[in-house]
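K.L.:
Below: one structure in structure tokens.
Readers should treat all values here as calculations from the given coordinates under stated rules, not as data from a laboratory. None of the values given here were measured: they were computed from a predicted structure. Positions of Cβ are backbone-derived with ideal geometry, glycine not excepted, and every protein chain shown enters the neighbour counts.
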Amino acid sequence: MPLQGLFGDYQVGSFYDEMFAAPDQPRPHYAKIFEKLASMVPSQFEERRQHADLAFLLQGITFTVYSDGRGTERLFPFDLIPRIIPHSEWQRIESGLAQRVVALNLFLQDVYGKQRIFADRKIPRSLVYSCKHFLREVIGIEVPRGIHTHICGIDLIRDSKTGEYCVLEDNVRTPSGISYVLENRLVMMRTFPDAFQAYEVLPVNHYPAELSRILRSLSPRGGDDAQIVLLTPGIYNSAYFEHSFLAQQMGIELVEGRDLIVDGGIVYMKTIHGLQRVDVIYRRVDDDFLDSLTFRPDSVLGVPGLMGAYRAGNVALANAVGNGVADDKAIYAYVPAFIRYYLGEDPILRSVDTYLCSKKEDLNYVLGHLPELVVKAVGESGGYGMLMGPTADRERLEEFGRRVKADPRNYIAQPVLPLSRVPSYDPALGTIAGRHVDLRPYCLYDGEKVTIVPGGLTRVALQQGSLVVNSSQGGGSKDTWVLFGED
Amino acid sequence: MLSRIAESLFWLARYIERAEYTARILDVNFHTVLEQTKDRYRLHWDPLIVMAGEEERFRKSYGEADAQAVFEFLAFRQDNPSSIVQCITKARENARTIRDYISREMWEDINSLYFTVNRFSPAEEMAAGPHRFCDAIRFGSHRFHGVTDATLPHDEGWEFLRIGWFIERAEMTARLVDVQYHILYDAPAGISGADNHQWMAVLKSVGAYEAYHRKYHSSIEPEKVAEMLIMHPLHPRSIRFSMTEVQSGLRAISGSEPGSYANEAERLTGKVLERLRYDKITEIFQLGLHSYLNEMLQMCGSIGEDIARSYFYYAVVA
């Protein structure tokens, strides 16, 4: 079938294209949506797109960009063309992620507990202890039911030749984005009901109930009447929408630090009828800001004395404090070793080759090949402190080389990965074009099993040629469909 | 319920009510002026500025009050904290901090009102006159009341909204009556009592013009207008009606029985209502309307403060 209409100028290019096996030849699981889109007139598509945008705007699903002293609100762009994953492909991802989450949890139990892994020489103690987010204050704290990684958002990308899924990053602190997964699905069902009818798509909306069940199970007082709250930094945080969304969906209180108080090692919230005890805090405030008596003294976002209550076992926190050590980019290189060490299994999902600049031979390689590599600061996330070798100019390469040499422990490098592409609408061109994507599934761990809502957040670099999917840099998202069957 | 949420609900309602009230007064006065001679302009516009409590700020920017200046100042100015646009913005900010608590429809509604208000271009509206803009505000406020009533459980949070709405309304009505009388009595002889255009405007701005005629079957008389706006038991914009709503809200929250009170706010509300029920308008005029209304306003202020003390603020104990 020749390409036509919205697909008029579509170039499959040299990347792994998730919709097309070859020009004009959609993969079986994309065939039905391709036909649907190809039969649409551009103006029909544009009309649906505007409906979707309006729905997001009215719900205030925006993030704030500060310029000229006034905050302006921007939509997190939503692309109407879904990303589709056949069931067998998803099962492999699911089992690989579950394996990884369990191993990361065991690693955290271990480094903040008995520290067997150092004695068995699987990872140098100095590497772990020098991680920016390793917290000595947490050593010896027994967390409820041994769970550190209640909620993980693990970033996956696809190999540009084979399409194999690889892990790019583990986010085990306060990963965000699940609200977009749920809202994208709602808006998608409203704007493209006919596309759903052609497929059997697995639902995603059980996430809040599952998270709520896990949070409830952590209550130190037991019982069904546990008081659970979600702690947010407040409305100026870029993920505020998500915080309020999840609190509402789970039917728990959304609190700010100033709503809570610690007295006699117990956490309370300030209500109109007096103080009320809090049992479990799903906190979306970073470790550093949680308790000004233990961590940053200038923090007003947290609750003074919270760590005391946590240590005494009077309140549960999710995720656990100190998790940042497990998603440090230098530790990332050891996760396959953790899986073998703690579980005695081979990793199901591949990791990306990683050069640790703290190792002498790796450092030499990195300094010699900067233009081909992505260099990342180990303790950062969200695309900060990063060098994209191939697109950097000479000056920037030299400057980064100096930085790496001055503090090798702080950097890792990976080969540049040309992410896979999925057809996406380009409003400027008025047609569909291939755009790079990644995938962040959300994993919930209750200490026994890992639950993953089918799919996750597909982030897409909407600008032509861009590999950066972060929302602050022109990224958007797509609804992600895991099919009940194969097509 | 969290104290912070209760406080945000209270202010959310107050800001919406203030925006609606301001829009009503602006709209009606603008159209009344169209049928007036030029030397009477001042009589219409000055009270509006005084009422907003922003006379000094206004004089600094504009000097003399005229239709354009008053419209811009009360509707659009960023530096006027009581301007309609500012009220809607603050209402939405409050809603945003509690959007997990309010219903999804309420949030979408206030959010869309915010976008509507910000889509108006001040320059175009000033050329077109305030009707279109004010209508949008009034409609937006009514819609928000409706959505709230229909989608939010009528629990404690709803009571805080109700208290916010009606305490703001009581204060605005008290100011409206006070300012109009004050200005008219200060005016040169010949245009005070007999001039009923002004009073028609007052009645229309609170939507009570028809109700007035049904009740009094007479021409517009200042004393009767005042009686209606201060002590009518059932007109939804009278001070008495508003304070009755505040009282019901406070009792629903604390569980106090009629005749008793759980806090200073309830005691003062009860006291205000006693007076509104048993005073006669002729007595009030003998005592002096201005001092009577002023006392009402002070009591409303104290009620607001005590609501905050009883429900919103915690003394630092750590």
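K.L.:
Picking from B:A13, B:A308, B:A150, which is most flexible by a Gaussian network model of chain B using Cα springs under 10 Å?
P.N.:
The residue that fluctuates most here is B:A150.
K.L.:
Count charges around A:P86 for me, please; just the other residues with Cβ under 13 Å from its Cβ, Lys/Arg as +1, Asp/Glu as -1.
P.N.:
-2
K.L.:
Pairs to check: A:K32/A:K449; A:K161/A:K478; A:K329/A:K360. Give those whose C-alpha atoms are more than 29 Å from each other in this structure.
P.N.:
Correct reply: A:K32/A:K449.
K.L.:
While we're on this one: Mind checking the log10 I(q)/I(0) for the stretch B:166-312 at q = 0.09, 0.12 Å⁻¹? Debye, one equal scatterer per Cα, no solvent, two decimals.
P.N.:
For the stretch B:166-312 at q = 0.09, 0.12 Å⁻¹, log10 I(q)/I(0) is -0.29, -0.51.
K.L.:
Related question: For A:R190 paired with A:E164, estimate the spin-label separation in nm (one decimal), with each label point 7 Å from Cα along the Cα-to-Cβ line.
P.N.:
4.2
K.L.:
A:R277 to B:E64: FRET efficiency via 1/(1 + (r/R0)^6), r the Cβ-Cβ distance, R0 41 Å, to the nearest 0.05?
P.N.:
0.10
K.L.:
Hey, can you grab everything whose amide H is under 5 Å from the amide H of A:D446? Only 5+ residues off in sequence or another chain; H modelled, so Pro and N-termini drop out.
P.N.:
For A:D446, whose amide H was placed from the backbone, the distant partners under 5 Å are A:T451.
K.L.:
Any idea what the dipole of the stretch A:353-415 comes to, in debye rounded to 20, about its Cα centre with Lys/Arg Cβ at +1 and Asp/Glu Cβ at -1?
P.N.:
Taking the Cα centre of the stretch A:353-415 as origin, the dipole is about 180 debye.
K.L.:
Set the Förster radius R0 to 35 Å, insert the Cβ-Cβ distance between A:R121 and A:S238 as r into 1/(1 + (r/R0)^6), and round the FRET efficiency to 0.05.
P.N.:
It comes to 0.25.
K.L.:
Which residue fluctuates the most in chain B, going by a Gaussian network model with Cα springs under 10 Å, if the choices are B:F285, B:F133, B:F144?
P.N.:
Most flexible of the set in this elastic network: B:F285.
K.L.:
Cross-link partners among lysines for B:K204, C-alpha distance below 16 Å, same-chain residues fewer than 8 apart left out?
P.N.:
Reachable lysines: B:K215, B:K224.
K.L.:
Let me ask something else about it. If you average the C-alpha positions of the stretch A:185-210 and of the stretch A:402-467 separately, how far apart do those two centres end up, in angstrom?
P.N.:
The stretch A:185-210 and the stretch A:402-467 have Cα centres separated by 22 Å.
K.L.:
Could you work out which residue, out of B:Y261, B:Y181, B:Y216, moves most in a Gaussian network model of chain B, that is, has the largest mean-square fluctuation with Cα springs under 10 Å?
P.N.:
Sorting by GNM fluctuation, first place goes to B:Y216.
K.L.:
Whole Å is fine, so just give me how far the alpha carbon centre of the stretch B:234-268 lies from that of the stretch A:267-330.
P.N.:
Taking the Cα centre of each part, the stretch B:234-268 and the stretch A:267-330 sit 40 Å apart.
K.L.:
How much length, in nm to one decimal, is gained on full extension between A:L202 and A:S95, taken as 0.36 nm per residue of separation minus their Cα-Cα distance?
P.N.:
36.8 nm
K.L.:
For chain A, what does the helix formula give at 222 nm: sum of -39500 (n - 2.57) over DSSP H segments with n ≥ 4, over the residue count, nearest 500 deg cm²/dmol?
P.N.:
The per-residue figure over chain A is -8000 deg cm²/dmol.
K.L.:
On the Cα set of the protein assembly as shown, report Rg and Dmax in Å, please.
P.N.:
31.7, 102
K.L.:
I've got another one for you. Using the Cβ atoms and a cut-off under 10 Å, what net charge is assigned to the surroundings of A:R145, where Lys and Arg are +1 and Asp and Glu are -1?
P.N.:
With Lys, Arg at +1 and Asp, Glu at -1, the net is -3.
K.L.:
With contacts defined as alpha carbon pairs under 8 Å and 6 or more residues apart, what's the relative contact order of chain B in percent?
P.N.:
Relative contact order, chain B: 23 percent.
K.L.:
Taking other Cβ within 10 Å of each residue's Cβ, how do A:L254, A:L202, A:L246, A:L483 sort, fewest first?
P.N.:
By the 10 Å Cβ count, ascending: A:L202, A:L483, A:L246, A:L254.
K.L.:
How many nm separate the modelled label positions at A:S43 and B:I281, each set 7 Å beyond the Cα in the direction of the Cβ?
P.N.:
Taking the simple label geometry, A:S43 and B:I281 are separated by 6.1 nm.
K.L.:
For an R0 of 51 angstrom, estimate the FRET efficiency from the Cβ-Cβ distance between A:A31 and A:L293 and round to the nearest 0.05.
P.N.:
Result of the calculation: an efficiency of 0.30.
K.L.:
Then there is this: Which value, in nm² and rounded to one decimal, describes the direction-averaged projected area of the C-alpha convex hull of the stretch A:353-415?
P.N.:
For the stretch A:353-415, the mean projected area of the Cα convex hull comes to 3.8 nm².
K.L.:
A:V378: net charge of surrounding residues, Cβ under 9 Å, Lys/Arg +1, Asp/Glu -1, itself excluded?
P.N.:
So the environment of A:V378 carries a net charge of +2.
K.L.:
Hey, which lysines would be in cross-link range of B:K271, C-alpha to C-alpha under 16 Å, not counting anything within fewer than 8 residues on its own chain?
P.N.:
B:K280
K.L.:
Summing -39500 (n - 2.57) over the DSSP H runs of n ≥ 4 in chain B and dividing by its residue number, what mean residue ellipticity at 222 nm do you reach, to the nearest 500 deg cm²/dmol?
P.N.:
-23000 deg cm²/dmol
K.L.:
Which of the lysines could a cross-linker span from A:K122 if the Cα-Cα distance has to be under 16 Å and same-chain partners fewer than 8 positions apart are dropped?
P.N.:
A:K114, A:K359
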